[in-house]
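One structure is given below, encoded as structure tokens.
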Amino acid sequence: MKAQLLTFAAAAMLAASCSNGGNEQASTTSTEISACDCVEVYKGEDEASKASCDEKRKTAAFDDEFRKCMAASITGRDPEEVNLIKQDEMKLEVPVDATYMVDAAKSKIVWTGGKITGAKHTGLITAKSGAVSFAGGKIAGGKLVLDMTSITNTDLPEDQKAKLVGHLSSEDFFNVGEHPEAYFEFASAESTGSNAEITGKLSIKGIVKPVVSNVIFSSTGENGAVITGTLVIDRTEWDVKYGSGKFFDDLGDNMINDDITLKFQLKAFK
């Protein structure tokens, strides 16, 4: 396989240019955007937020933090574990051609949803199984199975989490009793270096719809790979209509945004 090795600066430029097909709309104001937020902002289409990130990166301290967040996204590490002095952490290497099995225990899937007022909730969903194949230095296909019974909340006090999780698990939302699994399957990916636009299908509640996701992938050694990306979906397309302004009137502040964001970091091994 022809090895591809990019400097970290080139990786950052690729991430900044990866807006074609991205559908994540960042609503964070310039005063709220963090360095790690900007890594996600550059994957989307919100030009105002990109301009805010560009402005903030003129400050050396913010740009250093941004580069750490980008390196963390690429390598699958926590930003605090990244040392930009080490040259091997400023490089991006394409995984060896092979099929890699997703390690559920080491992977992370974060969901975000909220009300029309701006109030948001976040939580986790566990990967049940998965595999990603690479051929010719590019993503050739893959599938990720989600355990919908594993939905958790990470932002509420302990005494309020169970109520929210119970509601999300009910027939109002994902009906996990009847549909305990969801899956994201993809068969094609347009790659530029270690950036890829994945076209695939997402199954929730037995309903299958086409989706597109922008990802960054990298080798973590001869036997490992990490794939990070963001998927923004309109939940109503999968018959999750509770609190949607498309189907219910006079909801007021109880109206819930139709968009749900899934951010994933998959660690996989041969």
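Checking the structure you have, find out if any residue of the range 241-252 is among the hydroxyl-bearing types (Ser, Thr, Tyr), assigned to a strand (DSSP E or B), in contact (Cβ under 8 Å) with a residue 12 or more places away in the chain and assigned by TED's automatic domain parsing to the domain that holds Ala119.
Checked against the condition, which is being among the hydroxyl-bearing types (Ser, Thr, Tyr), assigned to a strand (DSSP E or B), in contact (Cβ under 8 Å) with a residue 12 or more places away in the chain and assigned by TED's automatic domain parsing to the domain that holds Ala119, the range 241-252 yields no hits at all.
Which numbered condition in (1) touching a helix residue (DSSP H, G or I) at 6+ places or on another chain (Cβ under 7 Å); (2) under 23 Å from Asp258 (Cα atoms) is the only one that Lys128 fails?
For Lys128, the exception is condition (2).
(1) out of contact with any helix residue (DSSP H, G or I) (no Cβ under 6 Å at 6 or more places or on another chain); (2) within 19 Å of Lys106 (Cβ to Cβ); (3) assigned to a strand (DSSP E or B): which one isn't true of Ile216, the others all being true?
Among (1) out of contact with any helix residue (DSSP H, G or I) (no Cβ under 6 Å at 6 or more places or on another chain); (2) within 19 Å of Lys106 (Cβ to Cβ); (3) assigned to a strand (DSSP E or B), Ile216 violates only (1).
Specify which of the listed residues (Ile139, Ile116, Ile151, Ile125) is among the hydrophobic types (A, V, I, L, M, F, W, C), over 23 Å from Tyr183 (Cβ atoms) and in contact (Cβ under 8 Å) with a residue 24 or more places away in the chain.
Ile116
Can you confirm whether Gly137 is over 17 Å from the mean Cα position of the chain (by Cα) and surrounded by fewer than 17 Cβ atoms within 10 Å (Cβ to Cβ)?
no
Quick check: is even one residue across the range 155-175 surrounded by 19 or more Cβ atoms within 10 Å (Cβ to Cβ) and assigned to a strand (DSSP E or B)?
Within the range 155-175, none of the residues are surrounded by 19 or more Cβ atoms within 10 Å (Cβ to Cβ) and assigned to a strand (DSSP E or B).
Of the residues Glu222, Glu185, Glu178, only one is within 20 Å of Thr126 (Cβ to Cβ) and not in a strand (DSSP E or B); which?
From the options Glu222, Glu185, Glu178, the qualifying one is Glu178.
Residues in the range 253-270 that are buried (at least 18 other Cβ atoms within 10 Å of the Cβ) and not in a strand (DSSP E or B): how many?
Here the count works out to 2.
The values are calculated or read from the model by the stated rules, or taken from the named source; none is laboratory data. The shown structure was predicted, so the numbers you read here are calculated from the model rather than taken from an experiment. All Cβ positions, even for glycine, are placed from backbone atoms using ideal geometry, and neighbour counts span all protein chains on display.
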